[in-house]
1. Considering each of VAL122, VAL143, VAL183 in turn, give the residue that is farther than 21 Å from PHE212 by Cα and β-branched (Val, Ile, Thr).
2. Mind counting the residues in the range 113-158 that are within 18 Å of PRO186 (Cα to Cα), hydroxyl-bearing (Ser, Thr, Tyr) and open to solvent by less than 30 Å² (accessible area, probe 1.4 Å)?
3. Quick one: how many residues across the range 30-64 are modelled with pLDDT of 95 or more, assigned to a loop (DSSP other than H, G, I, E, B) and within 15 Å of ALA14 (Cα to Cα)?
4. Filter the range 1-29 down to residues that are assigned to a loop (DSSP other than H, G, I, E, B) and at pLDDT below 85, then give me how many there are.
5. Across the range 73-90, what is the number of residues that are assigned to a helix (DSSP H, G or I) and either at pLDDT below 80 or of a type in the set (Gly, Ala, Ser) (or both)?
6. In the range 180-198, what residues are touching a helix residue (DSSP H, G or I) at 6+ places or on another chain (Cβ under 6 Å) and crowded, with 21+ Cβ neighbours inside 10 Å?
7. Just the residues that are outside any helix (DSSP H, G or I) and loosely packed, with under 15 Cβ neighbours inside 10 Å, please, taken from the range 97-112.
8. Scanning for something part of a helix (DSSP H, G or I) and of a type in the set (Asp, Glu), does the range 146-155 turn up at least one residue?
Amino acid sequence: MQHGPAVRRRKLGAELRTLRTRAALTSGEAARLVGWHQSKVSRIETGTSGAKPADVRLLLDAYGVADPQLRELMLALAGSDGDGERDHWWHAYRGILPPAYRDFISLESQATAMRTLETTVVPGLLQTPAYARAVTGAAVEGVDEGQLDRLVEVRLARQDVLRGTPPLELSAVLDEAVLRREVGGPEVMADQLRRLAEAARLPQVRLQVLPFAAGAHIGVTGPFVILSFSSTSDLDVVVLDHLTSSLYLERKEDLQAYTEAFNALRAQALSPEDTLHHLAALADGA
């Protein structure tokens with residue numbers, strides 16, 4: 001039986017395998033310690049099947065993992081003690097959310113930091129309701145008003161991660177085209193620019209605009225998101241969105257390449273202070 005999203009299962013399995021190796025145990029030895037067959041340990045470690053929180057606790061105890069933050073993260077990746085996704089708010093929208101989007105929301109809810117480059121639209125975590133509705137309506141063809149309402153609800157509910165304890169740390173670089181593209185009409189765009197300025201003043205948000213004057217840059221290949229987790233960088237992941245699916249990059253080489261690209265983009269972008277001035281000037285002209 002599969003418990004939790006595929007990406008989360010793979011990341012949980014990879015980390016449990018690392019912890020087992022650090023404990024100098026073979027998969028067979030680990031299985032005997034917890035009273036399982038060796039194949040169950042292997043299926044969990046490869047992400048073929050998920051692990052319930054109770055299973056993860058057994059393995060963490062067997063591996064001598066005492067770090068409370070690491071244990072908490074492993075249990076979060078395993079899902080709730082109830083029934084997988086049922087205790088998470090997005091379960092109520094399961095019928096309208098594709099699996100890849102549920103994967104992303106699940107990881108986003110557990111991440112401690114997000115770095116994102118956006119080249120076409122405002123990041124979902126910073127969208128106003130009217131902007132979110134205009135973007136979602138344009139992106140999802142044939143959706144009726146009721147479904148559109150629910151998709152916008154999901155977009156806005158995701159923003160709670162910025163108000164958590166502790167909140168998600170968001171670092172966003174926006175190509176100037178994001179700010180110049182009129183989404184939903186002048187009034188919607190003016191409100192959105194003001195919302196960005198408000199968000200940019202939050203201590204957990206670092207917002208920078210990459211102006212047209214910067215010319216060609218490494219981000220012209222497309223937007224991306226890097227999700228980071230406090231206990232271990234081994235769980236960090238890069239997310240690339242496509243029209244019908246999302247690609248998750250987990251290799252260290254990919255993470256390093258995208259981290260270096262994001263750092264280069266930040267260096268080319270306006271400072272957070274100059275970004276605020278830029279937003280204010282655009283809002284005045286909107």
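1. Matching residue, one of VAL122, VAL143, VAL183: VAL143.
2. Selection size over the range 113-158: 3.
3. Matching residues across the range 30-64 total 1.
4. So the answer is 5.
5. Residues that pass the stated criteria total 7.
6. Residues satisfying the conditions are GLN192, LEU193, LEU196.
7. PRO98 - this is the single residue of the range 97-112 that is outside any helix (DSSP H, G or I) and loosely packed, with under 15 Cβ neighbours inside 10 Å.
8. Scanning the range 146-155 turns up at least one residue that is part of a helix (DSSP H, G or I) and of a type in the set (Asp, Glu).
The values are calculated or read from the model by the stated rules, or taken from the named source; none is laboratory data. All figures in this text were calculated on a predicted structure; none of them were measured in a lab. Every residue, glycine as well, gets a Cβ built from its backbone with ideal geometry; the counts of neighbours run over all protein chains shown. The accessibility values were calculated without ligands, DNA or RNA, using every heavy atom of the protein model including side chains. Shrake-Rupley method; radii C 1.70, N 1.55, O 1.52, S 1.80 Å.
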